[in-house]
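Below is one structure, written out as structure tokens, with a few remarks after it.
No lab work stands behind these numbers, since they all come straight from the coordinates. This is a predicted model, so every value here is computed, not measured.
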Amino acid sequence: MEADTEDNEQVAEGDDAYIGAYDQSWYDDNESYVGEEVTLSADVNEVIDPTAFTIAGSDDTTVDELLIVHPENLPEVSPELTVAVTGTVKEDFDLVTVEEELGVDLDDALYEDRDGENYVHATEIDDSVASDS
């Protein structure tokens with residue numbers, strides 16, 4: 001029997017390949033979403049600069065933080081704020097490529113540890129999402 005829940009479910013609505021929580025299930029399968037538009041809900045982990053931040057999985061997961069980059073200055077995001085991020089999953093973070101995609105000059109030192117990581121090139125960030133806690 002399949003439970004009807006809103007949490008942690010892959011949903012194929014509209015053009016999004018995935019709509020749901022940034023959790024262990026998504027993390028384990030994230031390679032299949034490369035090149036696809038997704039909407040992930042999670043808490044902001046760290047604000048890196050005005051155009052980038054990371055999200056963290058819930059307390060019951062062991063997922064690594066996920067880098068989110070946005071071509072414009074971010075809305076008022078801060079650590080522990082729950083957000084819904086819509087964007088395209090990209091692989092192999094490369095600073096020069098991302099700078100060209102975003103049309104910005106990023107601080108090299110802030111991103112040197114991010115090379116090769118998957119990330120999300122966000123098109124929308126909703127900071128009005130209710131927290132799970």
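As a length-normalised measure over Cα pairs under 8 Å and 6 or more apart, the relative contact order of the chain settles at 22 percent. Sequentially through segment 106-114, phi angles give Karplus couplings (6.51, -1.76, 1.60; θ = phi - 60°) of 8, 6, 3, 4, 6, 10, 4, 8, 9 Hz, Gly and Pro residues having no value and appearing as x. Mean silhouette area of segment 71-129, derived from the convex hull of its C-alpha atoms and averaged over all directions, reads 4.3 nm².
Multiply the residue separation of residue 28 and residue 101 by 0.36 nm, subtract the distance between their alpha-carbon atoms, and state the gained length in nm to one decimal.
That pair, residue 28 and residue 101, stretches by 23.6 nm at full extension.
The alpha carbons of segment 18-126 stretch over 35, 29, 23 Å along the principal axes, in descending order.
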